[in-house]
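Let me begin by presenting the structure, written as C-alpha cells, before commenting on it.
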Amino acid sequence: MSHCLAIDTSSEVTSVSLAPLDDPQVQCVTCKGDSSRGHAEELTTLVGRCLAQAELSYDDLRSICVNSGPGSFTGLRIGLSYAKGVCSAQHLPLFTFNTFEAAFAALQSHKTLESGVYFFISDARRGDVFVAAFQQGSEHQQSSRLLIEPQIIPFETVAHRQKELENQTGLPSYLYQLGTAVHTEVPPLPGSHSSLSVGLLELARSIPPGERTAQVYAPHLATPLYIRSVAAKSLKERGIEVVDILAAID
C-alpha cells in the first residue's frame with residue numbers, strides 16, 4: 001500500500017497521522033503530542049509511535065505530507081526540516097498543504113457540510129489572526145472553492161469580513177478557530193489539534209494517482225508559508241553589545 005505520513009507542527013501541539021492513500025476505507029492512525037513539550041522533542045517519538053501502531057517502518061512509507069503554514073514560525077521550520085530529512089533519506093516525494101486547506105479538508109471528512117461559507121482563523125498575536133475562507137457547494141453542487149486566500153487581519157474585523165461574504169454569496173457563514181483558543185467566543189475545529197494532520201492526509205488522498213507526481217514538491221523546494229515577516233532581530237539590533245572573541249585575541 002502507498003502509505004503516507006502527515007505532519008502538523010503549526011500550533012503548540014504536534015500531530016502526526018498515517019494511512020494508505022489508495023484505500024480511503026482504511027482509517028488513519030493518529031498520534032497527538034503534549035502542548036507542554038516542544039515539537040523538536042516530540043516529533044520523532046510520535047512518528048515512531050504511529051508506525052508501531054500501524055505495524056510499519058520508515059521503509060513502508062511512500063510519501064510524506066506536511067503543513068507549510070501559516071502558524072508557529074519555529075514549529076513550521078521543525079516540521080518541514082524533519083519531513084525534508086526523511087524524504088531525502090528514504091527518497092520519498094513530499095506534499096505540502098497550507099493550514100487552512102488542511103482544516104477545511106478535516107472538517108469535510110468529519111461531517112457532511114451544509115452549503116455555506118466556512119471561515120477559519122488562527123492566532124497571529126498582536127491582536128491579529130491568520131484567516132482564510134471557503135465556500136461549500138449545495139447538495140446538488142458538491143464542489144467547493146477558496147474565497148479568501150490565507151492572509152493576516154485584525155481579529156476585530158473578522159465579523160465584518162464574514163458579513164461581507166454572506167452578502168456576496170447569499171449563504172450563511174460558519175467560523176472555526178484553530179490552535180490555541182485565544183478567542184473563547186469562537187468554536188474550535190472539531191477534533192481539536194489532531195484534525196490538521198488528518199486533513200493533510202485527506203488532501204493527499206484527493207489527488208488522483210496519475211496526477212500526484214505533478215503536484216509533488218521536491219523536498220528541497222518546500223518552504224514555510226509565514227505570511228507575516230519573521231520578526232527575529234539580531235543581537236546588535238536588540239542593543240546587545242557583540243564582542244568578536246577571535247578578533248580580540250592578540
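Bear in mind that the values in this text are calculations on the coordinates, not laboratory data. Because the structure is a prediction, the values reported are computed rather than measured. Note that each Cβ is placed from the backbone with ideal geometry, even for glycine, and that neighbours are counted across all protein chains shown.
For the chain, the C-alpha radius of gyration divided by 2.2 N^0.38 Å, with N the number of residues, is 1.10.
Computed from phi, the 3J(HN,Hα) profile of segment 37-54 under the Karplus parametrisation 6.51, -1.76, 1.60 (θ = phi - 60°) reads 10, x, 4, 4, 6, 9, 4, 4, 5, 5, 4, x, 5, 4, 4, 5, 5, 8 Hz, with x in place of Gly and Pro.
Out of the DSSP beta bridges found with both residues in the chain, what percent are antiparallel (nearest 5)? Show your work: numbers first, answer last.
Numbers: 28 of 44 bridges.
About 65 percent, rounded to the nearest 5.
Taking the helices alone, the chain has a mean residue ellipticity at 222 nm of -9000 deg cm²/dmol, built from -39,500 (n - 2.57) per DSSP H run of at least 4 residues and averaged over all its residues.
The simple Förster model, with R0 at 22 Å and r as the Cβ-Cβ distance, assigns H160 and V182 a FRET efficiency of 0.70. Label-to-label distance, I207 versus E114, with points set 7 angstrom from Cα along the beta-carbon direction: 3.4 nm. For trypsin sites (Lys or Arg not before Pro), the sites in segment 75-112 that DSSP calls loop and that have at most 12 other Cβ atoms within 10 Å are K111. With the simple spin-label model, which puts each label point 7 Å out from Cα in the Cβ direction, the E149 to A89 separation comes to 3.6 nm.
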